[in-house]
Amino acid sequence: MNRTVYVCCGTGCLANNSLDVYRELKRLIEEHEVDADVKTIVKATGCNGLCEKGPLVKIEPDNICYSKVKASDVKEIVEKTLINGQIVNRLLIFDTAQGKKVISHKDTDFYKSQQKIALRNIGEIDPANIDDYIERGGYEALSKVLFQMTPEGVISEIEKSGLRGRGGGGFPTGRKWRQCCNVNYFPKYVICNGDEGDPGAFMDRSILEGDPNTVIEGMIICAYSIKSHRGFIYIRDEYSLALKNMDCALRQARERGYLGKNIMNSGFDFDIEIVRGGGAFVCGESTALMQSIEGNVGEPRAKYIHSVEKGLWGQPTVLNNVETWANVPEIIMKGSDWFSSIGTENSKGTKVFSLVGKVKNTGLVEIPMGTTLRELVFKIGGGIIGDKKFKAVQSGGPSGGCIPESLMDLPVDFDTLKNIGSMMGSGGMIVMDERTCMVDVARYYLNFLSEESCGKCVACREGIKRMLEILTDICNGKGSEEDLDLLESLCHTVEEASLCGLGKTAPNPVLTTLKYFKDEYYAHIRDKRCPAGVCPELTEYEIDEKLCISCGLCAKNCPASAIWGEKGKPYYINTESCVKCGNCLDSCKFNAVGVKKGARL
């Protein structure tokens, strides 16, 4: 019998020294010569998903999972679990939903509600070893396509599956492939968009890091169906581990005959090269990305020129994002009927989300389309940190909208999110609690987009800048009610007149906060007060003498030493010294610290 120990070595866990855990495990297992009848293999895997509890160490087939493991814990794991078969209880995952520790990660609500297709191999294989991928059925779909299916059959299967692009637009994947296939001039190109720039998003990065071969296989299948012989994977230059693992996967795929000339002795040729992105957010837009690959400045072009007809270097091109490619091999192997049975009528399959913000279980999740936001945040996510009041969830990155509590029971799919003023985007989900100022959130995203706008079209370049100025004035207490009408008018102008998706969707955070949280705008304008206590110019904290028990916790957490008091008497805040950081409000466990209701001018 073999035993395998999986150590999460995704970017998040590496930042928490999981590589030290991996090395120490390998060293001690060799040193102790664990049970000669049981061969123990240690593997460094991609992201397991539950980033909040990382680094994770899984032991199979024992079905044990340890969380927040340090190198100093490894000796105990080896001696107690691997040698003597005992559980190290202090390292077990604490499931926030159940309120208890569980032995297997599969027993947590975080994992039980997920259905993994795009993430099926991540956390289960060593991404630097192609044999791990092959053992789990890797490249079987490619073999099926090359020797059992025609190009027309491949495209029809993708069409019938209902797979839509997972990069944000949601365009039917099969339709895109067919349009490119019907164009009869060559060469044709296949591109993977790995330029993931949304704040808080790490879905594509995790797939590139943890299962690069599934992306490669998906691209080869598409290339066969449209008769392309050259592909590109565009990866953000900041994603060093993704670049490293993808480069390794491409090299091994060529060595095994899955890439290059005469793939698997089929007579079909196709190869892929990596292009390192320059870090510009706008290069996530398809036409700007192609401009960047060509060596030009990454600027979008008009959408009436379809990339499937004239894309990279003016040639027919199919571009899909990382997650879309990761779905393709499974659809080919299990069939379009299987895939289309998952999800909703117009949104088939699953969707990967990075769940971040004020939520207990931050991490990477994959859920069937149609799962409600409430289930995502409160069951899978475990609820709000500190059990504070939920305020909103922002979906779709900086171009998405802020969704209030009243809409939490709506299903997550392309059409529903669009109808409420948000969007699916690439899959970022940022959870916000009562200490989040929605005016400041809108200002933050416009500030990001104003810096990332390529400046090619006036509507986007000047419109976003002007909206940002208005929001900044409101946050500083200089806004007027007339500004709200102007702000909304500008939103619609930018939305209609912008050239690419960046500008067209930039107003979403503003429009949704105006629609669902207008009372906060009025509080900033009429009362000169930020209810969440975030905007410094409109915030003044006070301590309720009746609720203060003089524990001194607020004073200990004040970086400016602006809080004074003595045992047995209520503490008070020196407003002249206060820097409005909000530490006192966040640290008080008795709700004694609050935002003063009076105006601060």
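A few remarks follow.
- Among residues that are open to solvent by less than 70 Å² (accessible area, probe 1.4 Å) and either touching a strand residue (DSSP E or B) at 6+ places or on another chain (Cβ under 7 Å) or closer than 25 Å to residue 32 by Cβ (or both), residue 73 is included.
- For region 125-136, the set of residues classified as surrounded by fewer than 22 Cβ atoms within 10 Å (Cβ to Cβ) and part of a loop (DSSP other than H, G, I, E, B) consists of 126, 128, 129, 136, listed by residue number.
- Residue 264 vs. criteria within 22 Å of residue 331 (Cα to Cα), at pLDDT 95 or above and open to solvent by 50 Å² or more (accessible area, probe 1.4 Å): yes
- There is at least one residue in region 6-18 that is among the small types (Gly, Ala, Ser) and open to solvent by 20 Å² or more (accessible area, probe 1.4 Å).
- Which numbered condition residue 515 fails, given (1) more than 30 Å from residue 483 (Cβ to Cβ); (2) part of a helix (DSSP H, G or I): (1)
- Residues in region 478-527 that are among the hydrophobic types (A, V, I, L, M, F, W, C), more than 19 Å from residue 417 (Cβ to Cβ) and touching a residue at least 40 places away in the same chain (Cβ under 8 Å): 484, 497, 499, 500, 525.
- No other residue among 428, 400, 363, 421 is in contact with a Leu (Cβ under 7 Å, 6 or more places away or on another chain) and open to solvent by less than 10 Å² (accessible area, probe 1.4 Å) apart from 363.
- Inclusion of residue 156 among residues that are assigned to a helix (DSSP H, G or I) and buried (at least 23 other Cβ atoms within 10 Å of the Cβ) is not warranted.
- Residue count for region 230-244 satisfying the condition of being out of contact with any Leu (no Cβ under 6 Å at 6 or more places or on another chain) and buried (at least 16 other Cβ atoms within 10 Å of the Cβ): 8.
- Selection count where residues are within 13 Å of residue 446 (Cα to Cα), in contact with a Ser or Thr (Cβ under 8 Å, 6 or more places away or on another chain) and in a loop (DSSP other than H, G, I, E, B), scope region 495-512: 1
- For the residues 93, 117, 103, the requirement of being open to solvent by 70 Å² or more (accessible area, probe 1.4 Å), aliphatic (A, V, I, L, M) and touching a residue at least 40 places away in the same chain (Cβ under 8 Å) singles out 103.
- Cβ-Cβ distances below 7 Å connect the following pairs, each with a first residue in region 451-462 that is of a type in the set (Gly, Ala, Ser), a second residue that is open to solvent by 30 Å² or more (accessible area, probe 1.4 Å) and at pLDDT 90 or above, and a separation of six or more residues or different chains: 453/461; 455/461; 459/493; 459/497.
- Any chance residue 247 is modelled with pLDDT under 95, charged (D, E, K, R) and either under 29 Å from residue 350 (Cβ atoms) or surrounded by 24 or more Cβ atoms within 10 Å (Cβ to Cβ) (or both): no
- Those residues of region 331-342 which are open to solvent by 10 Å² or more (accessible area, probe 1.4 Å), touching a Gly at 6+ places or on another chain (Cβ under 9 Å) and not aliphatic (A, V, I, L, M), in sequence order: 340
- Entirely in region 175-291, the helices (runs of 4 or more DSSP H) that have 1 or more residues that are farther than 23 Å from residue 9 by Cβ and out of contact with any helix residue (DSSP H, G or I) (no Cβ under 9 Å at 6 or more places or on another chain): 212-226, 240-255
- Scanning region 296-312 for residues that are crowded, with 17+ Cβ neighbours inside 10 Å, in contact (Cβ under 8 Å) with a residue 40 or more places away in the chain and small (Gly, Ala, Ser) yields 298, 311.
- Members of region 264-290 found to be in contact with an Asp or Glu (Cβ under 7 Å, 6 or more places away or on another chain) and not small (Gly, Ala, Ser), listed by number: 274, 276, 281, 282, 283, 289
- First in region 140-155 and within 17 Å of residue 265 (Cα to Cα), second anywhere and assigned to a loop (DSSP other than H, G, I, E, B) and open to solvent by less than 30 Å² (accessible area, probe 1.4 Å), Cβ under 7 Å, 6 or more apart: 146/268
- Test: residue in region 343-352 that is part of a strand (DSSP E or B), among the hydrophobic types (A, V, I, L, M, F, W, C), in contact (Cβ under 8 Å) with a residue 12 or more places away in the chain and buried (at least 21 other Cβ atoms within 10 Å of the Cβ): yes
- From the list 521, 541, the lone residue that is buried (at least 19 other Cβ atoms within 10 Å of the Cβ), under 30 Å from residue 464 (Cα atoms), at pLDDT 90 or above and not β-branched (Val, Ile, Thr) is 521.
The values are calculated or read from the model by the stated rules, or taken from the named source; none is laboratory data. Keep in mind it's a predicted model, so treat the numbers as computed, not measured. Heads up, the Cβs are rebuilt from the backbone with ideal geometry, glycines too, and the neighbour counts pull from every protein chain shown. The area values use the complete protein model at the heavy-atom level, side chains included, leaving out ligands, DNA and RNA. Shrake-Rupley method; radii C 1.70, N 1.55, O 1.52, S 1.80 Å.
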